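Chemist: Sharing a structure, written as structure tokens. Questions coming.
The values are calculated or read from the model by the stated rules, or taken from the named source; none is laboratory data. Not measured: the values here are computed from a predicted model. A quick note on method: Cβ atoms are made from the backbone with ideal geometry, for glycine too, and the neighbour counts reach across all protein chains shown. Side chains are part of the model used for accessible areas, which takes the heavy atoms of the whole protein and leaves out ligands, DNA and RNA. Shrake-Rupley method; radii C 1.70, N 1.55, O 1.52, S 1.80 Å.
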Amino acid sequence: MRGLAYGIIKIWIRCALFCYYGKIRRVGVGNVPKSGAVLLLPNHQNALMDVLLLAVYCGRKPYFLTRSDVFAHPLLKRFFTYLQMLPIYRLRNGSAALQKNYAVFESCADLLKKDSAILLFPEANHDLRRRVRPLSKGYARIIHTAIGNTPDLKITIVPIGLNYRNGTHFPDRVSLYFGKPIAVNGDGDDAFLPENARKLTELLAARMKTITTHIDDTDSYEQIVSRLHGKGVDFLDPVSVNKVIANLDGPEEGTRPNRILKGAQLFLKPVFVLLNLPVVLVWWAFVKPRIWEPEFTATLRFAYGLFALPIYLIMLFFLVTIWASALWAVVVIGFLFLFDFGYVKLF
């Protein structure tokens with residue numbers, strides 16, 4: 001029963017993500033082993049959207065290391081635990097709380113011994129800026145604990161790059177790049193012993209920087225982003241974008257924005273708003289003003305739409321049925337759904 005409920009939730013989220021994003025591009029998902037102990041290590045830009053996308057599209061059923069404050073409420077703690085989430089404590093939680101991480105690392109070591117997949121964000125925080133931030137030592141401590149307990153344990157590390165066209169806008173698009181695996185305690189050119197933690201972190205960071213857009217110059221960050229938008233680069237293709245960044249002072253590269261598509265969006269957006277006016281008004285008036293960090297914009301919009309849009313469609317169905325007929329209600333609901341779906345996929 002537990003597995004069935006988890007599967008239903010996953011299918012529900014997968015369908016919702018498919019409708020929310022205009023495009024979800026997966027590159028290199030075959031780099032994720034189908035079995036064995038795996039650490040999935042992505043960059044972290046877009047709060048819980050990163051978690052949901054990887055939970056659905058990583059090819060495994062991973063456990064997640066999640067910031068401990070989301071477990072504060074008992075009901076949420078039960079729900080997140082059911083979804084295979086484990087709390088991780090940070091310095092801001094206090095030195096006493098940090099001591100709890102040792103038990104978490106032991107739990108992760110036990111999971112890896114059982115050939116499970118664990119996903120954690122090595123940057124240890126989220127930020128919408130397009131760059132790979134310094135990596136924390138948490139993942140290395142998990143490896144050290146796991147191999148300390150089971151010396152012959154082989155662990156595969158898969159770097160992941162999450163790339164959003166624009167993480168706070170709607171409609172949006174996203175790509176997930178699964179990089180070349182790194183073997184810990186394994187064989188081959190990319191094999192590392194657990195004591196080479198520093199070199200491992202350097203290699204991991206280097207590979208992450210090739211599968212997501214990485215703007216190293218923080219002082220000129222906004223200017224570089226502005227120039228990239230001016231060139232019309234495709235942020236879903238980090239390999240090409242990073243080449244453009246490396247040659248910003250050279251000849252023009254990239255493609256200009258599609259002006260016809262841009263004009264169509266300017267025309268159709270008011271129609272989209274009008275057709276979904278009750279949902280949009282509640283978002284603008286009550287939900288959006290309460291967003292505490294820009295990184296949570298997409299998360300709250302997705303969660304809000306997950307419940308608000310079905311309620312709106314059901315209410316509209318009954319209203320049209322009362323005013324006209326059930327047949328007309330089906331036609332109206334069908335048209336509205338197809339229009340919304342087409343609007344998201346087109347833009």
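Chemist: Can you tell which of L40, L83 is over 12 Å from the mean Cα position of the chain (by Cα), at pLDDT 95 or above and either more than 30 Å from F341 (Cβ to Cβ) or of a type in the set (A, V, I, L, M) (or both)?
Modeler: After ruling out the rest, the residue left standing is L40.
Chemist: Does segment 210-230 include one or more residues that are over 22 Å from E295 (Cα atoms), polar (S, T, N, Q) and open to solvent by 40 Å² or more (accessible area, probe 1.4 Å)?
Modeler: So far as segment 210-230 goes, yes, one or more of its residues are over 22 Å from E295 (Cα atoms), polar (S, T, N, Q) and open to solvent by 40 Å² or more (accessible area, probe 1.4 Å).
Chemist: If N185 satisfies all but one of (1) among the polar types (S, T, N, Q); (2) open to solvent by 40 Å² or more (accessible area, probe 1.4 Å); (3) without any contact (Cβ under 8 Å) to a residue 40 or more places away in the chain, what's the number of the condition it fails?
Modeler: (2) is the only condition that N185 fails.
Chemist: Continuing with the same structure: For the subset of segment 8-44 comprising residues that are in a strand (DSSP E or B) and of a type in the set (G, A, S), which member is surrounded by the most Cβ atoms within 10 Å (Cβ to Cβ)?
Modeler: A37
Chemist: Something else about it: Go through D115, D110, D152, D172 for me and flag whichever is acidic (D, E), within 16 Å of L52 (Cα to Cα) and either modelled with pLDDT of 95 or more or surrounded by fewer than 17 Cβ atoms within 10 Å (Cβ to Cβ) (or both).
Modeler: Result of the check over D115, D110, D152, D172: D172.
Chemist: Being surrounded by 12 or more Cβ atoms within 10 Å (Cβ to Cβ), of a type in the set (S, T, Y) and touching a residue at least 40 places away in the same chain (Cβ under 8 Å): is that true of T321 here?
Modeler: Against the criterion (surrounded by 12 or more Cβ atoms within 10 Å (Cβ to Cβ), of a type in the set (S, T, Y) and touching a residue at least 40 places away in the same chain (Cβ under 8 Å)), T321 does not qualify.
Chemist: Tally the residues that are hydroxyl-bearing (S, T, Y) and under 24 Å from the mean Cα position of the chain (by Cα), restricting the search to segment 108-154.
Modeler: The total comes to 3.
Chemist: Also: Kindly establish whether A103 is small (G, A, S) and free of Cβ contacts under 8 Å to residues at least 40 places away in the same chain.
Modeler: For A103, the condition - small (G, A, S) and free of Cβ contacts under 8 Å to residues at least 40 places away in the same chain - is met.
Residue-wise test of (1) part of a helix (DSSP H, G or I); (2) modelled with pLDDT of 95 or more; (3) over 17 Å from W283 (Cβ atoms); (4) within 27 Å of the chain's Cα centre (by Cα).
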| residue | (1), (2), (3), (4) |
| --- | --- |
| A308 | yes, yes, no, yes |
| M315 | yes, yes, no, no |
| L319 | yes, yes, yes, no |
| I322 | yes, yes, yes, no |
| A329 | yes, yes, yes, no |
| V332 | yes, yes, yes, no |
| F337 | yes, yes, yes, yes |
| F341 | yes, yes, yes, yes |
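Chemist: Being closer than 21 Å to F296 by Cα and at pLDDT below 90, is that true of even one residue in segment 131-142?
Modeler: no
Chemist: Among the listed residues A47, A5, which satisfies the condition of being of a type in the set (A, V, I, L, M, F, W, C) and surrounded by fewer than 17 Cβ atoms within 10 Å (Cβ to Cβ)?
Modeler: Answer to the selection: A5.
Chemist: Something else: Would you call A303 in a helix (DSSP H, G or I) and in contact with a Phe, Trp or Tyr (Cβ under 9 Å, 6 or more places away or on another chain)?
Modeler: no
Chemist: Something else: Do you know which of the residues in segment 272-296 that are in contact (Cβ under 8 Å) with a residue 40 or more places away in the chain and closer than 19 Å to D340 by Cβ is surrounded by the fewest Cβ atoms within 10 Å (Cβ to Cβ)?
Modeler: L275
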